[in-house]
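S.K.: Quick one: this structure, given as structure tokens, is what I'll be asking you about.
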Protein chains: 2
Amino acid sequence: MAGAAIGGIALGAVGGYSILPAKETIITQDVPLEVPEHPWVYAKLDVDKVKERAYAAYFEHGCSYGAFEGIIGELQDTVGHPFTSMPTIMSKYGKGGTVGFGTLCGALNGASMAMNLVSTDLNMVTEIVGEYTETAYPAWKPVVAKKTDDDLPTSVSGSPLCHVSVTKWCEASGFGSGSNERKERCGRLTAEVAGRTVEILNGMADGTFSAVFANPDSVTGCNGCHGDDGNVANVHAKSDCVQCHADAHDN
Amino acid sequence: MAGAAIGGIALGAVGGYSILPAKETIITQDVPLEVPEHPWVYAKLDVDKVKERAYAAYFEHGCSYGAFEGIIGELQDTVGHPFTSMPTIMSKYGKGGTVGFGTLCGALNGASMAMNLVSTDLNMVTEIVGEYTETAYPAWKPVVAKKTDDDLPTSVSGSPLCHVSVTKWCEASGFGSGSNERKERCGRLTAEVAGRTVEILNGMADGTFSAVFANPDSVTGCNGCHGDDGNVANVHAKSDCVQCHADAHDN
């Protein structure tokens, strides 16, 4: 919290007294500052520090908290106010694709929440979610690993869903969903998602961010008929269609 | 913001002066209060007011913001601090199952975020997500409708995913995904999710909350082998399995 100056003129007027010259009556005290309007002003972060922080936070309260705390917690430490007023633990619910339902990967949920706190540009959220579906995780290792120090097999999910992402990795690696290796994999993935989020946000701060993710061909193709403006118009989504509907027109 | 007393003793000591009797030097000024520890203390809300607020917010910035603003915005108005320090617009990213990817229903994301801000009990999040999958939406109508005042057909998603929920409704209703009726449906659904969330939170405040949702039989059955502790162990999720994998053991 920063010190707030209390002017001598105002104090001097209390009760009609004019008791000290202004220079003598300037005092400072710790006063919480006003919470600013959204979006809160981002300051560039160290990608490696955020990765390590997100990785550690994953093993405290899961993937969604891991990513959100990795980014916003680091802003609390480096910027302070107003980020210190954000209880990062409120993002815990996103773990396991929201309390274990296997929907949106929690690391993506926490990362997206952090992005939306410091920006109104949702193209950056599209970028982190889209890139995730095409990235081979985990490729990063922490300085000190929690569950295993081994290099781990990687897999590409093709989907932003926790369930798909975890199952594809289990099948690619041979490790079970309840194994220490799977937990280590999700911890490292959380770190990488948080780190990539910060790279994107640093790009925003520098004015150099530009999206590279493009919708899969199936989204463009299938939504020609199934999307909002098509003649079928029964889909309002843009995840890859083929992964679940490869045989949609075979029967 | 509440007035904060600044004591005369401290002021009197500035620069070694002892210049006023204490009673004369007590002043008040508006000072923002400290942000309390998580979870922030919930106060019971009016369900109907939250529904109308969430419905209106949906048409501003989408479903996730609709639910989060419907609940937290109402706490801002009725409780004030610390909820006034929460920029509810940070939840906008969840719309359309996170910027249109069709994953977790944005109304559920915003509602879950609100729950986790005022509680550490994630069983309530399981409840709102689980109930959603079994509920026929939309059953509620606003006082003044935005897109159509008609009663709308209902559907049960069987899934917390935006894509499944929207497509099932389009198929049940015959309305297109880009239609005014589909937008009206999602606005009403957002209101109902926010309202049900508040019913659960009011139950928490009264000490009467108890979960009624139970995992589908398929989750219990399939996870016997496919779950974390099974002999296949390639699934870490608890959404209904049959909806996507009805023919899993047919071939």
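The values are calculated or read from the model by the stated rules, or taken from the named source; none is laboratory data. Bear in mind the structure is a predicted one, so any value in this text is a computation, not a measurement. Note that we place each Cβ from the backbone using ideal geometry, even for glycine, and neighbour counts take in every protein chain shown. In case anyone asks, the SASA skips ligands and DNA or RNA and just uses the protein heavy atoms, side chains included. Shrake-Rupley method; radii C 1.70, N 1.55, O 1.52, S 1.80 Å.
S.K.: Around A:ASP149, with a cut-off of 12 angstrom between Cβ atoms, what is the net charge of the other residues, counting Lys and Arg +1 and Asp and Glu -1?
M.R.: 0
S.K.: Let me ask something else. Quick one: 3J(HN,Hα) in Hz for the range A:71-83, Karplus 6.51/-1.76/1.60 with θ = phi - 60°, rounded, Gly and Pro as x.
M.R.: With the stated coefficients, the range A:71-83 comes to 8, 6, x, 5, 5, 4, 6, 9, 9, x, 4, x, 4 Hz.
S.K.: Normalised radius of gyration for the protein assembly as shown, please: alpha carbon Rg relative to 2.2 N^0.38 Å, two decimal places. Walk me through the numbers before you get to the answer.
M.R.: Working: Rg = 25.3 Å, N = 502, 2.2 N^0.38 = 23.4 Å.
This ratio for the protein assembly as shown stands at 1.08.
S.K.: Taking accessible area as the heavy-atom solvent-accessible surface of the protein chains with a 1.4 Å probe, which residues of the range B:206-251 lose no less than 50 Å² upon going from the isolated chain to the full protein assembly?
M.R.: Buried by 50 Å² or more upon assembly, which counts only protein chains, are B:ASN234, B:HIS236, B:LYS238.
S.K.: With a point put 7 Å past each Cα toward its Cβ, work out how far A:LYS49 is from A:GLU37 in nm, to one decimal.
M.R.: Output for this residue pair reads 3.0 nm.
S.K.: Tally Lys and Arg at +1 and Asp and Glu at -1 over the other residues with C-beta under 11 Å from the C-beta of B:THR98: what net charge comes out? Walk me through the numbers before you get to the answer.
M.R.: Values: positive: A:LYS238, B:LYS92, B:LYS95; negative: none.
So the environment of B:THR98 carries a net charge of +3.
S.K.: Let me ask something additional. If we count every other residue with Cβ under 11 angstrom of B:GLY130's Cβ, Lys/Arg +1 and Asp/Glu -1, where does the sum land? Could you put the intermediate results ahead of the total?
M.R.: Working: positive: B:LYS238; negative: B:GLU127, B:GLU131, B:GLU134, B:ASP240.
Every neighbour counted, the sum reads -3.
S.K.: What are the ³J(HN,Hα) values, in whole Hz, obtained from phi via the Karplus relation 6.51 cos²θ - 1.76 cosθ + 1.60 with θ = phi - 60°, for each residue of the range B:224-231 in sequence order, with x given for Gly and Pro?
M.R.: Karplus-based 3J(HN,Hα) across the range B:224-231 equals x, 9, 8, x, 3, 9, x, 7 Hz.
S.K.: Can you show me the helix-derived [θ] at 222 nm for chain B, built from DSSP H runs with n ≥ 4 at -39,500 (n - 2.57) apiece and divided by the number of residues, rounded to the nearest 500. Write down the numbers at each step before the final one.
M.R.: Numbers: 11 runs with 113 residues, N = 251.
Mean residue ellipticity, 222 nm, calculated: -13500 deg cm²/dmol.
S.K.: Here's something else I'd like to know. Report, for B:ASP121, each distance to the same residue's label point in the other copies, shortest first and in nm; define the point 7 Å along Cα→Cβ.
M.R.: Result, one decimal in nm: 4.2.
S.K.: While we're looking at this one, here's another question. Enter the Cα centre distance for the pair the range B:95-109 and the range B:189-251, rounded to the nearest angstrom.
M.R.: Here the answer is 18 Å between Cα centres.
S.K.: Provide an ascending nm list, one decimal, of label-point separations from A:LYS44 to the equivalent residue in each further copy; define each label point as 7 Å from Cα along Cα→Cβ.
M.R.: List, nearest first: 5.3 nm.
S.K.: Now for a different question. Taking 0.36 nm per intervening residue step and subtracting the Cα-Cα distance, what contour gain separates A:VAL232 from A:GLU131 on full extension? If you can, show how the numbers build up before the last one.
M.R.: Details: separation 101, 0.36 × 101 = 36.36 nm, distance 2.85 nm.
So the extension gain works out to 33.5 nm.
S.K.: Further question: For the protein assembly as shown, with all protein chains present and a 1.4 Å probe, just round the carbon and sulfur fraction of the accessible area to a whole percent. Can you show the working numbers first?
M.R.: On the way: 10710 of 21170 Å².
C and S atoms contribute 51 percent here.
S.K.: By accessible area of protein heavy atoms, probe 1.4 Å, what ranking do B:ASP229, A:ASP48 get, highest first? Display every interim value, and only then the final one.
M.R.: On the way: B:ASP229 150, A:ASP48 100 Å².
Largest accessible area first, the residues go B:ASP229, A:ASP48.
S.K.: Let me ask something else. Apply the Karplus curve 6.51 cos²θ - 1.76 cosθ + 1.60, θ = phi - 60°, to the phi angles in the range B:189-200 and return the couplings in whole Hz, x for Gly and Pro.
M.R.: 4, 4, 4, 5, 5, 5, x, 5, 4, 5, 4, 5
S.K.: A follow-up question, please. What whole-number value in cubic angstrom gives the convex hull volume per residue for the C-alpha atoms of the range A:47-206? Walk me through the numbers on the way to the answer.
M.R.: Values: hull volume 15.7 nm³, N = 160.
Spread over its residues, the Cα hull of the range A:47-206 gives 98 Å³ apiece.
S.K.: I'd like the orientation of helix B:106-118 relative to chain B: the angle between its Cα long axis and the longest Cα principal axis, in ° from 0 to 90, rounded to 10.
M.R.: Its long axis makes an angle of about 40 degrees.
S.K.: Also, quick follow-up: At 1.4 Å probe size, with every protein chain present, just tell me what the per residue accessible area of the range A:47-206 comes to in Å². List each step's numbers first, then the result.
M.R.: Working: 4750 Å² over 160 residues.
That works out to 30 Å² per residue.
S.K.: Nm distances between the label at A:ASP150 and the same-position labels in the remaining copies, 7 Å along Cα→Cβ, shortest first?
M.R.: Sorted ascending, the copy-to-copy spacings read 5.9 nm.
S.K.: Turning to a different aspect of this structure: Could you rank the peptides A:168-174, A:197-203, B:53-59 by their average count of other C-beta atoms within 10 Å per residue, with the highest value first? Could the numbers behind the result be given before it?
M.R.: Values: A:168-174: 17.7, A:197-203: 22.0, B:53-59: 25.1.
Descending mean neighbour count gives B:53-59, A:197-203, A:168-174.
S.K.: Something else now. Nearest 10 degrees, 0 to 90: what angle lies between the long axis of helix A:47-61 and the longest principal axis of chain A (Cα atoms)?
M.R.: Computed tilt is about 80 degrees.
S.K.: Then there's this: For chain B, set up a GNM with springs between Cα atoms under 10 Å and report which of B:MET113, B:MET86, B:MET124 has the largest fluctuation.
M.R.: Judging by the Gaussian network model, the answer is B:MET86.
S.K.: Here's another thing I want to ask about it. Ignore the peptide's own chain and count Cβ atoms of other chains within 10 Å of each Cβ in B:130-142; give me the average, rounded. Intermediate values should be presented prior to the final figure.
M.R.: Working: counts 2, 0, 0, 1, 0, 0, 0, 0, 0, 0, 0, 0, 0.
Taking all residues of B:130-142 together, the mean is 0.
S.K.: Roughly how large is the A-B contact in terms of buried accessible area, totalled over both chains, probe 1.4 Å, nearest 100 Å²?
M.R.: On the way: alone 13390 and 13410 Å², together 21170 Å².
Summing both sides, the interface buries roughly 5600 Å².
S.K.: Here's something else I'd like to know. Sequence-distant or interchain residues sharing an amide H contact under 5 Å with A:LEU104, placed H: which?
M.R.: Sorted by chain and number, the residues that satisfy this are A:CYS162, B:LEU104.
S.K.: Given a 1.4 Å probe, show me the residues in the range A:78-114 buried by at least 50 Å² of accessible surface when comparing the whole protein assembly to the chain alone.
M.R.: For the range A:78-114, once contacts with the other chains are taken into account, A:SER85, A:PRO87, A:MET90, A:TYR93, A:VAL99, A:PHE101, A:THR103, A:LEU104 lose 50 Å² or more.
S.K.: Would you look at the GNM of chain A, springs on alpha carbons closer than 10 Å, and say which of A:ALA67, A:ALA237, A:ALA145 moves the most?
M.R.: A:ALA237
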